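Here's the structure, in structure tokens; my notes come after.
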Amino acid sequence: MKPQAPKRQPYGTLELGLLNVQDLHVAYGKVEVLHGVSLEVAEGEIVALLGSNGAGKTTTLRTLSGLVRLRQGRIVLGGEDITRLPAHKVVASGLGHVPEGRRIFGPLSVEENLRLGGYLLRHDLAEVEKRVHASYALFPRLAERRHQLAGTLSGGEQQMLAIARALMLEPRLLVLDEPSMGLAPKLVFAIFAIIQQIRAKGTSVLLVEQNARQALRIADRAYVLESGRIALSGPASALAADPRVRAAYLGG
Amino acid sequence: MQAFFQFTVEGLTIGGFYALVALGYTMVYGIIRLINFAHGDVFMVGAFIGWTVLVTLAGTHLPIVLALFVALATSLFFSGALGVVIDRVAYQPLLAAPRLSILITALGVSLALENGVLLIYGPGFLTYPHLLGTAGFTIGGVQISYAQTTMFVISLALMFALYLFVHRTFIGTAMRALAVDQDAARLMGIDVERIIQITFFVGSFLAAAAGMMEGLYYTQINFYMGFLLGLRAFTAAVLGGIGNIPGAMAGGLLIGLLESYGAGYISSRWTDVFVFLVLIGVLVVKPTGLFGERVVERM
Ligand SMILES: Nc1ncnc2c1ncn2[C@@H]1O[C@H](COP(=O)(O)OP(=O)(O)O)[C@@H](O)[C@H]1O
Ligand SMILES: [Mg+2]
């Protein structure tokens, strides 16, 4: 089962980006943590979503993926309304999610992790194997460690595995939640280079980062999330020059 | 020494039953952290379905082997389906609720199954058709019946098939993945609720196989038979390290052996004391069981 081309639906008068998020309200229990977040990712873009700890970045991504229920709002991916889809169906609609903290399956082998990334293709084993090998071409380190348990990989390798796993279905949009977290500067650089490669191959990217400097360096546009609201947005270069962003996220 | 081997043969036979039932406890615990108290009763229902089919077929002129096969297939399939229904009706709605709710529900399901069978079949013992002859062979004075051999081979074959299923198929890999991290599994496109159902099906299927074999072996079944056996099988799962599949297999065989040696060398009245003493002893020394250092992850 290939992720199918979604039914296109006319959607208001808005210019349709690839991802269109409108007025997202999300609560944990009674406490609302997202108060009307709207954002957009166009085809072929890298968009950064910045913000300090607890601003609601992870919640935003988890809501997009259907892991968290929303109170109000609308999420459209490639013309398909995915607002209330369960998580496993959102994946089929073309959204790949590299979660915060990597969340690889530690007791499973590297190769098993990758195959699970292709779970929705399980009726076409040849295709799964083909894509596993394509991952190895992109991440040679993973090929060397294919039979090792994923939990024994280094942090950087685990991050690469998490990314490779999310790419198995060739998503239209890849969302990454703090992929540079806890990595040495050299590895951070490598991860950001990989994200640029992924975009060059035609996958759009929504990148959540605390490492604002690096994120703004590779992003086309960015949003700044503060306490569950979008406080600022614009071209990455403009935000990098904005005194408020410099003060709060770029260390002055 | 001859007695020792004789007890070993007996112990492995019933140990196979325990192992099959223990697998259901351990798999369900592995993926949803539930001690499924109703599991022993699914074993019992499996025995009753098998009995019903066999007794019905006894009137026809079906060859015995074929009748056994039909009974086994029916029992395994419907017990598997029963497991799925229990999961859908009783457990799924409570997965997000506090653990205690679902545990109490499991006790309720157990009572419901026992009383349901009590209502339909009555409180007495039913006699399984005596299909297994006592024919067999002797090695060094140790008597081994063909029935024992066949049942042990069936138990091992089912365990091996399960091992392949869990390690070599996409669905099995998905089971292991969601035992580790449900949300991450969802992000792979895995329909977690469906995989949980499949797990219940497989666990119940194996328990029913044990139920029917127990019926054929001891020839007596009763609505209450799942309670004690369930307790011992659960003990086997804990002994092997709950959540751990090879652990449940080994734990089951071990409990079977302990029971058989206990009954043979001491007294069958002391069997359970013996079994639980060993369990306590193991848990004191190794709280996560024989095989389970990191319980969840060893499925
Ligand atoms: N599972 C949860 N239950 C309750 N509150 C949560 C949960 N996850 C996050 N929160 C709260 O929601 C807010 C946003 O958190 P999060 O989305 O993780 O922020 P970020 O990723 O930007 O650091 C925080 O105040 C956090 O404490
Ligand atoms: Mg976060």
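Given the residues B:73, B:47, B:90, which is the only one that is outside any loop (DSSP other than H, G, I, E, B) and open to solvent by 40 Å² or more (accessible area, probe 1.4 Å)? Break it down into steps so the answer makes sense when it comes.
Details: B:47 fails: open to solvent by 40 Å² or more (accessible area, probe 1.4 Å); B:90 fails: open to solvent by 40 Å² or more (accessible area, probe 1.4 Å).
Answer to the check: B:73.
Any residue in segment B:51-62 that is under 26 Å from residue B:163 (Cβ atoms) and of a type in the set (Val, Ile, Thr)? I'd like the intermediate steps shown before the answer.
Start the filter on segment B:51-62 by keeping residues that are under 26 Å from residue B:163 (Cβ atoms), which leaves none.
Checked segment B:51-62: no residue is under 26 Å from residue B:163 (Cβ atoms) and of a type in the set (Val, Ile, Thr).
Looking at the structure I just gave you, is residue B:151 at pLDDT 95 or above and open to solvent by less than 20 Å² (accessible area, probe 1.4 Å)? Break it down into steps so the answer makes sense when it comes.
Values: at pLDDT 95 or above: no; open to solvent by less than 20 Å² (accessible area, probe 1.4 Å): yes.
The answer is no for residue B:151.
Looking at residue A:113 and the list (1) at the interface with chain B (Cβ under 10 Å from one of its Cβ atoms); (2) touching a strand residue (DSSP E or B) at 6+ places or on another chain (Cβ under 8 Å); (3) polar (S, T, N, Q), which single condition is not satisfied?
Against the list (1) at the interface with chain B (Cβ under 10 Å from one of its Cβ atoms); (2) touching a strand residue (DSSP E or B) at 6+ places or on another chain (Cβ under 8 Å); (3) polar (S, T, N, Q), residue A:113 comes up short only on (2).
Just to be sure, is residue A:140 farther than 25 Å from residue A:80 by Cβ, away from chain B (no Cβ under 14 Å) and within 16 Å of ligand 1 (Cβ to nearest atom)?
Numbers: farther than 25 Å from residue A:80 by Cβ: yes; away from chain B (no Cβ under 14 Å): yes; within 16 Å of ligand 1 (Cβ to nearest atom): no.
For residue A:140, the condition - farther than 25 Å from residue A:80 by Cβ, away from chain B (no Cβ under 14 Å) and within 16 Å of ligand 1 (Cβ to nearest atom) - is not met.
Take segment A:171-192 and flag every residue that is within 16 Å of ligand 2 (Cβ to nearest atom), within 14 Å of chain B (Cβ to nearest Cβ) and out of contact with any helix residue (DSSP H, G or I) (no Cβ under 6 Å at 6 or more places or on another chain).
Of all residues in segment A:171-192, those within 16 Å of ligand 2 (Cβ to nearest atom) come to A:175-183.
After this cut, where a residue has to be within 14 Å of chain B (Cβ to nearest Cβ) as well, the list is A:175-177.
If the condition is that a residue be within 16 Å of ligand 2 (Cβ to nearest atom), within 14 Å of chain B (Cβ to nearest Cβ) and out of contact with any helix residue (DSSP H, G or I) (no Cβ under 6 Å at 6 or more places or on another chain), then A:176 is the only one that fits.
Given the conditions (1) facing chain B (nearest Cβ under 10 Å); (2) closer than 28 Å to residue A:185 by Cα, report the number of the one that residue A:161 does not fulfil.
Only one criterion is unmet by residue A:161, namely (1).
Out of everything in segment A:31-72 that is within 14 Å of another protein chain (Cβ to nearest Cβ) and more than 16 Å from ligand 2 (Cβ to nearest atom), what residue ends up being nearest to residue B:187 (Cα to Cα)? Break it down stepwise before answering.
To start, the set of residues in segment A:31-72 that are within 14 Å of another protein chain (Cβ to nearest Cβ) comprises A:58-59, A:61-69.
Narrowing further to those that are more than 16 Å from ligand 2 (Cβ to nearest atom): A:66, A:69.
Details: A:66: 9, A:69: 15 Å.
Here the residue is A:66.
Residues to consider are B:8, B:26, B:105; find the one that is part of a helix (DSSP H, G or I), without any contact (Cβ under 8 Å) to a residue 40 or more places away in the chain and out of contact with any His (no Cβ under 8 Å at 6 or more places or on another chain). I'd like the intermediate steps shown before the answer.
Working: B:8 fails: without any contact (Cβ under 8 Å) to a residue 40 or more places away in the chain; B:26 fails: without any contact (Cβ under 8 Å) to a residue 40 or more places away in the chain.
Being part of a helix (DSSP H, G or I), without any contact (Cβ under 8 Å) to a residue 40 or more places away in the chain and out of contact with any His (no Cβ under 8 Å at 6 or more places or on another chain) holds for just one of B:8, B:26, B:105, which is B:105.
Given (1) open to solvent by 10 Å² or more (accessible area, probe 1.4 Å); (2) more than 29 Å from residue B:287 (Cα to Cα); (3) within 14 Å of chain A (Cβ to nearest Cβ), where does residue B:205 come up short, assuming only one miss?
Checking residue B:205 against (1) open to solvent by 10 Å² or more (accessible area, probe 1.4 Å); (2) more than 29 Å from residue B:287 (Cα to Cα); (3) within 14 Å of chain A (Cβ to nearest Cβ), the one that fails is (3).
Within segment A:158-189, which residues are acidic (Asp, Glu) and either open to solvent by less than 10 Å² (accessible area, probe 1.4 Å) or in a helix (DSSP H, G or I) (or both)?
Going residue by residue through segment A:158-189, those that are acidic (Asp, Glu) are A:170, A:177-178.
Passing the criteria: only A:177.
Check off (1) over 30 Å from residue B:11 (Cα atoms); (2) out of contact with any Asp or Glu (no Cβ under 9 Å at 6 or more places or on another chain) for residue B:149 and give me the number that stays unchecked.
It fails just one condition, (1).
Could you count how many residues in segment A:190-232 are over 10 Å from residue A:46 (Cα atoms), touching a residue at least 40 places away in the same chain (Cβ under 8 Å), more than 16 Å from ligand 1 (Cβ to nearest atom) and open to solvent by 30 Å² or more (accessible area, probe 1.4 Å)?
Summing the residues that are over 10 Å from residue A:46 (Cα atoms), touching a residue at least 40 places away in the same chain (Cβ under 8 Å), more than 16 Å from ligand 1 (Cβ to nearest atom) and open to solvent by 30 Å² or more (accessible area, probe 1.4 Å) in segment A:190-232 gives 2.
Which condition number does residue A:75 fail, the rest of (1) open to solvent by less than 20 Å² (accessible area, probe 1.4 Å); (2) in contact with a strand residue (DSSP E or B) (Cβ under 6 Å, 6 or more places away or on another chain); (3) within 13 Å of chain B (Cβ to nearest Cβ) being met?
Unmet condition: (3).
So, restricting to strands (runs of 3 or more DSSP E) that lie completely within segment A:27-91, which ones have at least 2 residues that are touching a Gly at 6+ places or on another chain (Cβ under 9 Å) and more than 16 Å from ligand 1 (Cβ to nearest atom)? Steps first, answer last, please.
Details: elements: A:31-41, A:46-50, A:72-77.
Filter on segment A:27-91 gives A:31-41, A:72-77.
The values are calculated or read from the model by the stated rules, or taken from the named source; none is laboratory data. Computed from a prediction, not measured in an experiment: that's the story for all the values here. Heads up, the Cβs are rebuilt from the backbone with ideal geometry, glycines too, and the neighbour counts pull from every protein chain shown. For accessibility, only protein heavy atoms count, side chains too; no ligands or nucleic acids. Shrake-Rupley method; radii C 1.70, N 1.55, O 1.52, S 1.80 Å.
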